[in-house]
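Quick notes on the structure that follows.
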Amino acid sequence: MLALGAALLGLGLPAAPTAAAAAPLSVKAADLDVPVGAEPDGAAVSLDASVFTPSDGGQHPAVLLGHGFGGSKEDLVERARSLAARGYVVLTWTARGFGKSGGRIHLDDPAYEGADVRALVDLLGARGDVLQDGPGDPRVGIAGGSYGGAIALITAGTDPRIDAVVAAITWHDLAASLFPQAAVTDLGQTPAGAAPIAEPGPVKQLWISRFFAASVAGGARAGGATAGGGSAATSAGDDQLLCGRFDPTICSLLLPAAESGVPSAELLELLRAHSPAAVLSGVQAPVLLIQGMADSLFGLDQSDATARALTDRGVPVAQRWIDGGHDGPSSTATADDAAADAWLDHYLRGASPSADGRLPVPAFTYAGVLARRATVAPLFTADTYPGLGAGATEPTTSLRLREPSGRGVLLTPPGGAPASTTVIPGLGGLAGNLPTYQLAALPGQSVALDTTRSTKTFTAVGSPRVRLRVTSSASTVTLFASLWQVQGAATSQPRRLVAPVRVPVQPGVPTEVTMALPAATWQVASGSTWRVLLTSTDSAYANPREARLDRIEVLGDLEFPTLDGTPASGATTRDTESIGVAVAIGAVLLLILGSVLLARRRRAARVDRPELADVSLVVSNLVKTYADGHRAVDDVSWRAEKGQVVGLLGPNGAGKTTTIRMILGLIAPDSGTVHVMGEQAGPGSGVLRRVGALVEGPGFLPHLTGRANLEAYWRATGRPESEAGFDEALAVAALGGALDRPVKTYSHGMKQRLGIAQAMLGLPELLILDEPTNGLDPPQIAAMRPILHAYAAAGRTVVVSSHLLGEVEQTCSHVVVMHAGRVVTTGAVADLIASEDTTVLELGADGERAGTVAERLRAADGIRSVDVEDDDAHGRVTVIADRPRGQVVREAIEAGADVVGVGSRRHLEEVFLGVIAQAAHADTGESGGSSLIERLRQVRA
Amino acid sequence: MSSPLSFRAEWGRQVGRTRTKWILGIVLALPLIFVGAFALDRGPRQGSQTGTRMVDYATSGGANFTVFVLLVASELLLVIVAALLLGDPVPAEASWSSLRYLLTAPVRRARLLTAKVSVGVVHLAILLIVLPTWAFLIGSLVYGTSSFTIPGGGALTLAELLPRLAIAIAYIFVAMLPVAAIAFAIGVGTDTPLAAVGGALIAYIVAGILDSIDALGSIRNGLPGHYQRSWLELLQPTYDWVALRHGVLWSILWALIFFALGWRRFARKDVLS
């Protein structure tokens, strides 16, 4: 419950590895039972201890680790292991009266707990694995928090063999800590060094109650667990039970004071004797003091006082103010441990520690205010602690205080209830979201002293002071002062601390009181308003029970001691997140730059072929395999010359569209090249400017009109409007009034015509039209034919892909026939469909039927094949013969045919089906003929 | 001869779209909707706690109204708008089949994306200026021009508030870029604008869910949207830049990564739409 110190302070956390530390050593642990001095009643006592040794053999300096009140050596295992891994023999022990150790609690009595630790030093002095400064004099440091911190200082003050001390969140004077007095006679030189008046303050009721609770709980546990651990619970009466494992003498003094709120002189004397203050004159070892601002038990005034006493004697001292303490963890725990390590390393393992007068850590380090949403407070350092040694006294900045609220009158309620709640001891962090101001500023029982707005920004470091004049109805005035920041309607307490005053006065006579508010660090921003809240009660303290009325008058300004520390370098203050992300951004930028350069080089690798400058289009060895493994285009090569209208023919899936997309740079070929006018074409290459295209249907912005679409497209090319030739293109589209309607209202055919018109914009030298007749009616198709002829006739080139064979036959001068990704034949249409050995006979109705004629012709000599088309009105016989055409015609007439026409042409369709059949036959090696009908269907589809 | 697909050309392709008009309409209507809704307010309900209500802050003046509108809008509306403005242009062209014609115009793929992104980003910036300006105008007309009341207590004069608000708007703009970049990166690979916007929103929502898992600790700092509300820091009496700096840096990092991914993906892909 009250494992004060180690766990809270962060001394229990593993130390941050520092650059100086060697590789961590492995650690062995062993338990010891150390017999020590007997109790006053003669009961023998032994301590439950553990020793942690680095397992590399050899001699190491030693460190003694002490735990907090209510804790045990188990709290220290982690910290001990980390220190042992750094190369120390670490000895932890459970203090007398706690855990499995025997004896009773003497509250760090130099004669009991102090003697115990001296016995532990003796033990270390006899160990072979501990570095020795002399016979029985080990090289040893001592560290601890709270109860363990005080014993560290007390041991250092009573045993000259101690070589270094780290004392955290502990007391200087236990009497002043438990009966604090914030009314001061002298402001002092140091930030938290005001000298209180002689009168003890009100008792820290809540803390003392918790000590008793912890002790009783611990007593019951120990009484049952250990037989030789003392006769604590078993043989004692009820009084003894009430005291738990407290020493009866201490208990008998402490209980009445806790109950009455007023300490006896003997108690004060005993508490002072059980304090480092009493033995500091004996301290020789350098001391690192770590004290917290979230600490309603031992405030910064305690470490300030210890530091003053030690500095006066010339002992090296460093102070560290953290934002943790008994009420909450330190946000800089990692850095705190690192500082403790540095301190021990320097004085226990340094080459010549005492010769070098410089401290291993700054003489003064303090935590600033935790920024909103930050998790680690910024640390600041100063080379000297202000007001100590050569250090100059700390300057102050004043904020003017306004008139107190409620005419400065506050009431102490009879019975002391309800009490204001300012601090919940031990729970500082948890109370963060409570509406604490409403709980603290009870109406009628509090007076708010607001400052004017601060005109500058500064950091307050230390104890702010305020002077008041108090007129009371009673002879003792008890007040509690806390410092708040006012932000509009919200009032917050950046440091949850309260300073009590208990001043004897004469009733009705005004008395001047100077108050030292709790010492801490504050960020006072320009424009901010601060409030000193005075309450007549505080729930953490014993409150006076008689009703009282006090009147407060403000006598001066609120004075803040200020300091401009140097921001500590180190991981705690560096914004690693920003740096990390910035580095990542830089890396991404470099990657982008690299890939841009790579892409540029790839583009530069395109090879132009000037010898092809006069050829509109050359496709060489194009190959494209899609991700699904389908080889859509397989080694395709063909060319289109100027003046030609080239038809790209093939069944569906032949690779026509894929080829066209590769020509246009929409698809990257796996291999092969495309050259347009001798320039290699690829995605976005400039030569595409000389190409117009319609690929797989038109594409327009549906919300724009036809005209606006063409204009938008042309604007996208970035070329001047005069080159566009809108009028010619619009004439091709032949949309009339529909041109000014949005495209989304167009029919398929209208869009198709607009698409052709768009392809013709700028009259490109190469016009590629993929299925241009889709959606056009026969008159429109017919109208398109002369347009394309005329277009090519002007020395330009048109490539038309289509499956309408008749259309291609009439439109194109050349064809490229593709099948299954390959080019199966190319050539001029005329060459393909005309041939010397072919004779086409048109038969009239008067003669024999075409079938009969064919039968007879087949019988004649030199006839290779005869094909027949026949219907009722007409007949057509296609003869392929080795004989001259005249003889074939004569044979036919002799066969009884009524020849009305003779031709030399086949239809393209026949050619097409022929080559496709051949290609298919070549592919499969069979079934060429049987699937012809199937293929025909495909082609016509 | 200007370069292909100049900013102006792309601007012309986007402004006339119904989508753009709808976004502007919603942004302009939003403050009016709030004014209407607040007009229906009948005062605090009986028996409710005494704390100040959101409505009272929002209606205490034009400045408070503006901040309220900005806060509400930046939670989701502006996220969707950002995803739409950056995620939609490329798949929209693809779905109209006009993408291939732009590319064969020819417009270099990188140039096409540059034009699309810059127009989208400028549209987003314009909306982010129009929304608070319009809200301030409406708010000042309806609720007066009193100084800004800080919800935590205190006040900022208009002269104090306006420069901070300008920085806050700039911050919101930067904070919207990651989700916009995600939408963009998805959009260049798809023909459906909805997939881009939806995908980005899902990513944003998943990040939000992860952000609410305390167990993830400071890992969450890197999630897109983690620092999205950090601009509220600027409205405190005193503020520091740490969260804002982190937010800006993370946003830039995410935006860079996803824009670069989108660029790379689009530069290499086979345009089949």
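Just a few scattered comments:
- The protein assembly as shown: Cys lacking any partner C-beta under 4.7 angstrom: A:C812
- 0 to 90° range, to nearest 10: angle between helix A:113-125 axis and chain A longest Cα axis: 70 degrees
- Separation of the A:E855 and A:V509 label points, Cα + 7 Å toward Cβ, nm: 15.6 nm
- Per residue of chain A, the DSSP helices (runs of n ≥ 4 H) give a summed -39500 (n - 2.57) that works out to -8500 deg cm²/dmol at 222 nm.
- The stretch between B:I205 and B:T238, if pulled fully straight at 0.36 nm per residue, gains 8.8 nm over its current Cα-Cα span.
- Summary value for chain A: 8 percent relative contact order, contacts being C-alpha pairs under 8 angstrom separated by 6+ residues.
- Working from Cα pairs under 8 Å separated by at least six residues, relative contact order for the range A:396-567 is 42 percent.
- Per-residue mean of C-beta atoms belonging to partner chains within 10 Å, peptide B:201-207: 0
- Between 0 and 90°, nearest 10: helix B:18-39 axis offset from chain B longest Cα axis: 10 degrees
- Sorted by Cβ neighbour density within 10 Å, fewest at the top, the residues A:H106, A:H907: A:H907, A:H106
- DSSP-defined beta bridges in the protein assembly as shown - what % are antiparallel, rounded to 5: 70 percent
- Segment A:A119-A:L549, extension gain: residue separation times 0.36 nm, minus the distance between their alpha carbons: 149.3 nm
- Estimated FRET transfer efficiency when R0 is 60 angstrom, pair A:A490-B:S6 (beta carbons, to 0.05): 0.65
- The calculated FRET efficiency for A:D614 paired with A:A793, based on their beta-carbon distance and R0 = 22 Å, is about 0.85.
- For the segment A:708-721, counting C-beta atoms of other chains within 10 Å of every residue's C-beta and taking the mean gives 6.
- If you take the Cα centroid of the range A:770-818 and the Cα centroid of the range A:297-338, the two points sit 94 Å apart.
- Theoretical FRET efficiency, 1/(1+(r/R0)^6), r = Cβ-Cβ of A:A668 and A:A734, R0 35 Å, to 0.05: 0.45
- Linear extension gain, A:F726 paired with A:Q189, 0.36 nm per residue minus alpha-carbon span: 184.2 nm
- For the pair A:L597 and A:Q810, label points projected 7 Å from Cα toward Cβ lie 6.0 nm apart.
- Annotated for chain A: lysine pairs at least 8 residues apart or interchain, Cα distance under 26 Å, count 6.
- The range A:620-684 and the range A:830-849 have Cα centres spaced 37 Å apart.
- Highest-MSF residue in chain B out of B:A82, B:A168, B:A260 [GNM, Cα springs under 10 Å]: B:A260
- The angle between the Cα long axis of helix A:885-894 and the main principal axis of chain A comes to about 60°, on a 0 to 90 degree scale.
- In nm, spacing of pseudo-spin labels at B:I213 and B:K21 (7 Å Cα→C-beta vector): 4.5 nm
Just so you know, all these numbers are worked out from the coordinates, no wet-lab data involved. Note that the structure is a prediction, hence the values are computed from the model and not measured. For neighbour counting, all protein chains shown are included, and Cβ atoms are generated from backbone atoms with ideal geometry for every residue, glycine included.
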